[in-house]
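The values are calculated or read from the model by the stated rules, or taken from the named source; none is laboratory data. All of these numbers come straight from a predicted model, not from anything done at the bench. Quick reminder, even Gly has a Cβ in these numbers, built from the backbone with ideal geometry, and neighbours come from all protein chains shown.
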Amino acid sequence: MKTKFLLFVCIGFIAACAPSQEQNDTSIFNGENLQGWQVPENNIWWSVEDGLLVAKSDTAQAGSILWTEKSYKNFVVQADFKMGEGTVDSGIFIRSEDHQIQIGESGSLKRDMTASPYVPGKGYPVEAEGVQGLLKKDDWNTLKVRADGAKLTAWLNGKEVMNYTVENAPETGAIGLQLHPNRDMDIAFKHISVEEI
């Protein structure tokens, strides 16, 4: 009996010490500066304020994309975001500008398409489901995207809302955050992490 008890204690200890799934995540935003990101020349759009990564339109509304310095193959990227003032039109680019997961209002559809994939020339081939009941307009939200080869899966605030297989998906590429041009807006991000799979 004593041997079984010790065995269970040892198993429990090993399980507790084993790295969890979450510990495999690597933060790609340190809350202090833009280290690890390809900062645009003459950057006036991206800043770090009170531990948050903030994107804000300039007066010319030129727009900008902030890319990671590192390229990724298959991965899960997760970020908390909070919509600010104006018409928020943002998103996460997956390996290139040709595949994006939307955050906020679509300029073409004039309605919120958060967690839906956008593909140039195709628009939104599928729409994320149940977003209206999940999205918090005035609070923090969590968007998680899994890019496994050509298959994209998105979760909003813990609920799976979208699956889509893209055509001609690049094998590797950087991850980007978008500040859409021709918009007067701002958006904040925090807890940005990537898990390679």
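Scan the stretch 95-114 and give yes if some residue there is touching a helix residue (DSSP H, G or I) at 6+ places or on another chain (Cβ under 6 Å), crowded, with 18+ Cβ neighbours inside 10 Å and in contact (Cβ under 8 Å) with a residue 24 or more places away in the chain, otherwise no. Checking the stretch 95-114: at least one residue is touching a helix residue (DSSP H, G or I) at 6+ places or on another chain (Cβ under 6 Å), crowded, with 18+ Cβ neighbours inside 10 Å and in contact (Cβ under 8 Å) with a residue 24 or more places away in the chain. Residues of the stretch 146-163 include at least one that is among the charged types (D, E, K, R) and either in contact with a helix residue (DSSP H, G or I) (Cβ under 7 Å, 6 or more places away or on another chain) or closer than 24 Å to residue 48 by Cβ (or both).
Looking at the stretch 133-174 only, could you name the residues that are modelled with pLDDT under 95, within 14 Å of residue 101 (Cβ to Cβ) and not small (Gly, Ala, Ser)? Selection gives 166 alone. For the list (1) in a strand (DSSP E or B); (2) closer than 23 Å to residue 46 by Cα, I need the number of the one condition that residue 161 fails. Of everything listed in (1) in a strand (DSSP E or B); (2) closer than 23 Å to residue 46 by Cα, residue 161 misses just condition (2).
Taking residues in the stretch 60-75 that are touching a residue at least 60 places away in the same chain (Cβ under 8 Å), and partners anywhere that are hydroxyl-bearing (Ser, Thr, Tyr) and surrounded by fewer than 18 Cβ atoms within 10 Å (Cβ to Cβ), the pairs with Cβ atoms closer than 6 Å and at least 6 places apart or on different chains are 71/172; 73/172. Is it true that residue 58 is buried (at least 17 other Cβ atoms within 10 Å of the Cβ), not in a strand (DSSP E or B) and not β-branched (Val, Ile, Thr)? Considered against the rule, which asks whether it is buried (at least 17 other Cβ atoms within 10 Å of the Cβ), not in a strand (DSSP E or B) and not β-branched (Val, Ile, Thr), residue 58 comes out as no.
Residues considered: 25, 50. Of these, the only one that is under 28 Å from residue 146 (Cβ atoms), modelled with pLDDT of 50 or more, out of contact with any Cys (no Cβ under 9 Å at 6 or more places or on another chain) and acidic (Asp, Glu) is 25. Screening the candidates 138, 148, 80 for the property of being under 23 Å from residue 31 (Cβ atoms), surrounded by fewer than 20 Cβ atoms within 10 Å (Cβ to Cβ) and touching a Phe, Trp or Tyr at 6+ places or on another chain (Cβ under 9 Å) yields one hit, 80.
Given the criteria surrounded by 14 or more Cβ atoms within 10 Å (Cβ to Cβ) and either under 22 Å from residue 43 (Cβ atoms) or without any contact (Cβ under 8 Å) to a residue 12 or more places away in the chain (or both), does residue 184 qualify? Break it down into steps so the answer makes sense when it comes.
Values: surrounded by 14 or more Cβ atoms within 10 Å (Cβ to Cβ): no; either under 22 Å from residue 43 (Cβ atoms) or without any contact (Cβ under 8 Å) to a residue 12 or more places away in the chain (or both): yes.
No, not satisfied.
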